[in-house]
Amino acid sequence: MAPARNGWPLMGRNETALVPQRGSSSSHFAGTGTVLAFDFGEKFTGVAVGESSIGVAHPLGLIIAKGSAARMDETAALVAEWKPGFLVVGLPLSMDGAEHELTRRCRRFARQLEARFRLPVELVDERLSSAAAEEALRAAGKGGRKHKLRAHQVSAQIILQSYFDDPGST
């Protein structure tokens, strides 16, 4: 895989736009196309990419940005390169489903994405995605401090895969 001009690895992409399902009361999207997903964090935001027609997600990278403007600039580069039909953002909730400060910041991030890129944004419950990502990395022999930053992008992959596997659960 050759790196793109911005350092992100290039993967095959399908630039077909997604369209809302007609006659559906839900906000889910049908069709084929690229989807970007984000595991939002104050310091690190994991990114995954997937193809909705085959329903497979892959970890893509990590945004390490100081402040929301820098994070949004990195996101803009990804959106320009991958041309997604819609975006998925993991929504951090407490185990009892209660919202907290990071939930509010994440909702704000999702609103900013929708406004800036004029793309639909799906929020997906991300409870236990970080723990699942760390376990998957340990199982692959990539656990521990040396590989800690990989957990964010694997978490984004898990969030996107959960959306593909059960889009009605968002």
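The values are calculated or read from the model by the stated rules, or taken from the named source; none is laboratory data. These numbers come from a predicted model, not from an experiment. We place every Cβ from the backbone using ideal geometry, glycine too, and count neighbours over all the protein chains shown.
Descriptive notes on the structure:
- Residue list for the stretch 73-96, filter: under 18 Å from Pro59 (Cβ atoms) and in a strand (DSSP E or B): Leu87, Val88, Val89, Gly90
- Every pair of residues 6+ apart whose Cβ atoms lie under 8 Å, when the first sits in the stretch 50-63 and is closer than 12 Å to Val88 by Cβ and touching a residue at least 12 places away in the same chain (Cβ under 8 Å) while the second is surrounded by fewer than 23 Cβ atoms within 10 Å (Cβ to Cβ) and of a type in the set (Phe, Trp, Tyr): Gly50/Phe164; Ser52/Phe29; Ser52/Phe164; Ala57/Phe164
- From Glu134, Glu99, residue being in a helix (DSSP H, G or I), more than 18 Å from Tyr163 (Cβ to Cβ) and either at pLDDT below 95 or among the acidic types (Asp, Glu) (or both): Glu134
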